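**Student:** First the structure, then my questions, so here it is.
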Amino acid sequence: MKAVIVEDEEFAAKRLGQLVAELAPEIRLEAILNSVESGTRWFSNNAQPDLIFLDIQLNDGYGFDILDGLEEHPPVIFTTAYNEFAIRGFKYNGIDYLLKPIVKDDLKKALEKFKKNITQNGRGTAENLEHLKQLFHKEYKHRFMVKVGNMFKSFNVEDIAYFKSHEGMICLYTHSGQSYPIEYTIDQLENILNPIHFFRINRKFMVSVKSVVEIHSYFNSRLLLKILPKEENQVIVSRERTTNFKRWLDM
């Protein structure tokens, strides 16, 4: 069996290649490609491999751009730095993914699934690919309009430190310490904000990565955060969100 890795991070590509060689020595690595351009060129000049390890976001575009140039493509195991909230649609499509940094056991399971289903699944489907494109090309909210008295003020998401629910009201807090009520729920914010930059830590808080300045272990497998602007009450990452929060911050 032959495989190709498309990955623009040299260390990540090398590690993935080593793990594949260890876990599936019958798979021969044909090439390591680091861009949409090099991938497109390689596939136009070579026979297709049996499997592609494809990074979704490359320096010069999306990994999908390579697949768009192929009439058919072999099974794909996607790799991504996105957290699990951003890629929750993957498993419903029968397509595997590896969350970076790649965990050996995750790769082992993905390879086992590939070997088991290769004769059944055949080539990748257009429906699966289109769903993933929509997922990763999703447009997230860039700014909020807030009513202040008789006027409206605009805040770019880069200016927002966190969102907090209090007594049935949601407020946005800026990095400069200002707070304003907004007409959104925490559930709505979770769907419209880029999950790379914002994370919902519990039922009441959604924080930006820039607002987190200290992280402490807390009882019952939770985490205690220090955020800025300073919050009077304790800011705690709930137990069920702790694992994903650590991945979000590459802990």
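**Student:** Pull out all pairs, ordered by first then second residue, where Cβ-Cβ is under 8 Å, the residues are six or more apart or on different chains, the first lies in segment 1-14 and is at positive phi, and the second is crowded, with 23+ Cβ neighbours inside 10 Å and in a loop (DSSP other than H, G, I, E, B).
**Tutor:** Partner pairs satisfying both residue conditions: none exist.
**Student:** With farther than 16 Å from THR242 by Cα and surrounded by fewer than 19 Cβ atoms within 10 Å (Cβ to Cβ) as the only criterion, which of ILE215, ILE186 stands out?
**Tutor:** After applying the criteria, what remains is ILE186.
**Student:** Which of the residues spanning segment 189-199 are under 23 Å from GLU167 (Cα atoms) and either part of a helix (DSSP H, G or I) or open to solvent by 30 Å² or more (accessible area, probe 1.4 Å) (or both)?
**Tutor:** Result: LEU189, GLU190, ASN191, ILE192.
**Student:** Continuing with this model, one more query. Within segment 147-164, can one find any residue that is open to solvent by less than 20 Å² (accessible area, probe 1.4 Å) and assigned to a loop (DSSP other than H, G, I, E, B)?
**Tutor:** No, segment 147-164 contains no residue that is open to solvent by less than 20 Å² (accessible area, probe 1.4 Å) and assigned to a loop (DSSP other than H, G, I, E, B).
**Student:** Considering only residues that are over 18 Å from PHE114 (Cβ atoms) and open to solvent by 60 Å² or more (accessible area, probe 1.4 Å), which ones fall in segment 19-53?
**Tutor:** ILE32, ASN34, GLU37, THR40, ARG41, SER44, ASN45, ASN46, ALA47
**Student:** Also: Could you tell me whether any residue of segment 203-212 is in a strand (DSSP E or B) and of a type in the set (Lys, Arg)?
**Tutor:** No, segment 203-212 contains no residue that is in a strand (DSSP E or B) and of a type in the set (Lys, Arg).
**Student:** Report, by residue number, each residue of segment 16-68 that is of a type in the set (Ser, Thr, Tyr) and not in a loop (DSSP other than H, G, I, E, B).
**Tutor:** Correct list: SER38, THR40, SER44, TYR62.
**Student:** Quick one: in segment 218-251, which of the residues that are without any contact (Cβ under 8 Å) to a residue 12 or more places away in the chain and of a type in the set (S, T, N, Q) is surrounded by the most Cβ atoms within 10 Å (Cβ to Cβ)?
**Tutor:** Result: THR243.
The values are calculated or read from the model by the stated rules, or taken from the named source; none is laboratory data. Nothing here was measured: the structure is a model prediction, and the numbers come from that model. Positions of Cβ are backbone-derived with ideal geometry, glycine not excepted, and every protein chain shown enters the neighbour counts. Only protein heavy atoms, including side chains, enter the accessible area calculation; ligands, DNA and RNA are left aside. Shrake-Rupley method; radii C 1.70, N 1.55, O 1.52, S 1.80 Å.
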